[in-house]
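The values are calculated or read from the model by the stated rules, or taken from the named source; none is laboratory data. Owing to the predicted nature of the structure, the values given are computational and were not obtained by experimental measurement. Cβ coordinates were reconstructed from backbone atoms using ideal geometry, including for glycine residues, and neighbour counts include every protein chain displayed. Remember, those area values only see protein heavy atoms, side chains included, never the ligands or the DNA or RNA. Shrake-Rupley method; radii C 1.70, N 1.55, O 1.52, S 1.80 Å.
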Amino acid sequence: MKKATLLTLAIAALAAGCGGSSSDSGKDVVLWHGNADTERTALNAAVAKFNAGKPGFKVDARYAGSSDNALQKVLTAISANNFPDVIYLYGSWAPNIAKSPKLATIDQLAKDPSFDWEDFYPAERKAVTVGGKIVGVPALQDDLALVYNKQLFADAGIPEPTADWTWTDFRNAARQLTDSGAKRYGWAYVADGTEDTVWRFVAQLWQAGGDLLTPDGKHAAFNSEAGVKAGELLHQMAVEDHSVYLDQGDQKYIQLFNSGHIGMMWTGPWDLSLINKDVKYGVQILPADVTHASISGPDMWTVLDRGPNHVKNAFEFLKWFTSPKVHMQYALATGVLPIRQSETKLPEYKQYQKRYPAAQVFVDNLNNVTKSRPPIPEYPEISKAIGQAVQAILLGKQDAKAALDAAAQQADSVLAGG
């Protein structure tokens, strides 16, 4: 039996265990998420608080595995007619889920004045709108920045990163921080081939002045001179310098950062709450080649239609959970960025800034997010091709040009309807 078939069966089994009957009364709201560690604890606490004040029905938050696989899981679950009411999806998947007949658009909720749709940041509203229809409620706003261990820099006699850092500065620092005897790496990169792998490469692609697709959107452009240059940097650092810890998707990089075995990470605000209190760290914008481009991934809570009562109750929970005060409490617990502009005006925001002083860098860094991944249904397949190419580059299996050219050929086939 092919691996793809096994994966489909496994996802179907998960759907059977995590979904909800489409014929029940609608009192319970089944919510799938991929939160781990602090985020899962905070979400469960918020759900428990909501349920305590809403006798008669409850929200049932269920961990459904990594969010990297959420789209395939939910599409399989929909096919099996055993799907949740709400699922956390990446914003780049909005065009894909928009095609589902089971999607419950958020237009009705957005028209509710008390929901204050315009309060969400513009990039978030744009990410969840497809063909004029709002297909999800903003769940997360983030971007990538450079998080580094201050003590390791001091011990190595290396000046801390600045806003003027170039790729050369970055590579040299990673090389100096690396100590094979001490099992210490200068940098960490998620190398499992998923979107977690891809969006770090996309930031580098944009930093070098490149684009994912041609202006008409009909062909791949990530294998351009800029893309190859970005890929070559990865090859040089991972294969030649051996200065990169390759995380295989098990998120060990944060543990190694805490224990002093990794000097730098390209990560988002979600990891701040996982850094040990005794670790002195700093945050700086990403190093530049042509620009200091970063990447944002506004994600969404998607509501599926298991009946009018289900949709109504799902809307009620999401309206509460994404309200300014409630989300600010979630941000305080996890370190994620505010998703509403009004959150920054709450008294609790000063507490947030005090607890996560580095978070302001991520807020300001949103100014470096000038491009977005293409909002097209074909993007997941394009991402898959890029992820495999980047993985091959990091592992030294292919050089940058060969790997990216092969991925571009796959992407062109997908874009042509192949």
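Before moving on, here are some points about what is shown:
- For the chain, the solvent-accessible area with a 1.4 angstrom probe is 42 square angstrom per residue.
- Cross-link partners of K345 among lysines, defined as those whose alpha carbon lies under 22 angstrom from its own and excluding same-chain residues fewer than eight positions apart: K319, K325, K354.
- This model, with +1 at the C-beta of Lys and Arg and -1 at the C-beta of Asp and Glu, gives the chain a dipole about its Cα centre of some 1020 debye.
- Theoretical gain in end-to-end length, S114 to K325 [0.36 nm per residue, Cα-Cα removed]: 74.6 nm
- Percent carbon-and-sulfur accessible area, region 242-359, ignoring ligands, DNA and RNA, probe 1.4 Å: 54 percent
- Reported label for calculated semi-axes √(5λ) of the Cα gyration tensor in Å given [x] 47, 24, 21; [y] 31, 28, 22; [z] 35, 26, 20: [z]
- Here the peptides 228-239, 51-62, 266-277 are ranked by packing, the mean other Cβ count within 10 Å, and the order with the highest first is 228-239, 266-277, 51-62.
- Proximal lysines relative to K401, as straight alpha-carbon distance under 16 Å, when same-chain residues fewer than 8 apart are discounted: K229
- Rounded, prolate or oblate (a/c below 1.5 giving rounded, otherwise prolate when a/b exceeds b/c) for region 318-359 by Cα gyration tensor: prolate
- Counting 0.36 nm for each residue step from N81 to E316 and taking away their Cα separation leaves a gain of 82.3 nm.
- Cα gyration tensor shape for region 264-418, rounded if a/c is under 1.5, else prolate or oblate: oblate
- Report summary: the helix-based calculation at 222 nm, which adds -39500 (n - 2.57) for every DSSP H run with n ≥ 4 and divides by the residues of the chain, gives -12500 deg cm²/dmol.
- For W320, net neighbour charge (Lys/Arg +1, Asp/Glu -1) across residues whose Cβ lies under 12 Å away: +3
- Residues whose amide H lies under 5 Å from that of D247, counting only those 5 or more places away or on a different chain, are Y189, V190, A191; hydrogens are built 1.01 Å from N in the peptide plane.
- Heavy-atom accessible surface of D37, to the nearest 10 Å², is about 100 Å², with a 1.4 Å probe and all protein chains retained.
- Length gained on full extension, K401 to R175: 79.0 nm, using 0.36 nm per residue less the C-alpha separation.
- Averaging the Cα positions of each part gives two centres, and for region 215-282 and region 365-404 these lie 13 Å apart.
- Taken one residue at a time, the phi angles of region 315-324 give Karplus couplings (6.51, -1.76, 1.60, θ = phi - 60°) of 4, 4, 5, 5, 4, 5, 5, 9, 5, x Hz. Gly and Pro are set to x.
- Cα-based shape type of region 356-418, given that a ≥ b ≥ c are square roots of the gyration tensor eigenvalues and the cut on a/c is 1.5: oblate
- Sequence of T41, T302 from largest to smallest accessible area, 1.4 Å probe: T41, T302
- Per-residue Karplus couplings for region 116-124, computed as 6.51 cos²θ - 1.76 cosθ + 1.60 with θ equal to phi - 60°, are listed in order as 6, 4, 5, 6, 5, 4, x, 4, 5 Hz, Gly and Pro entered as x.
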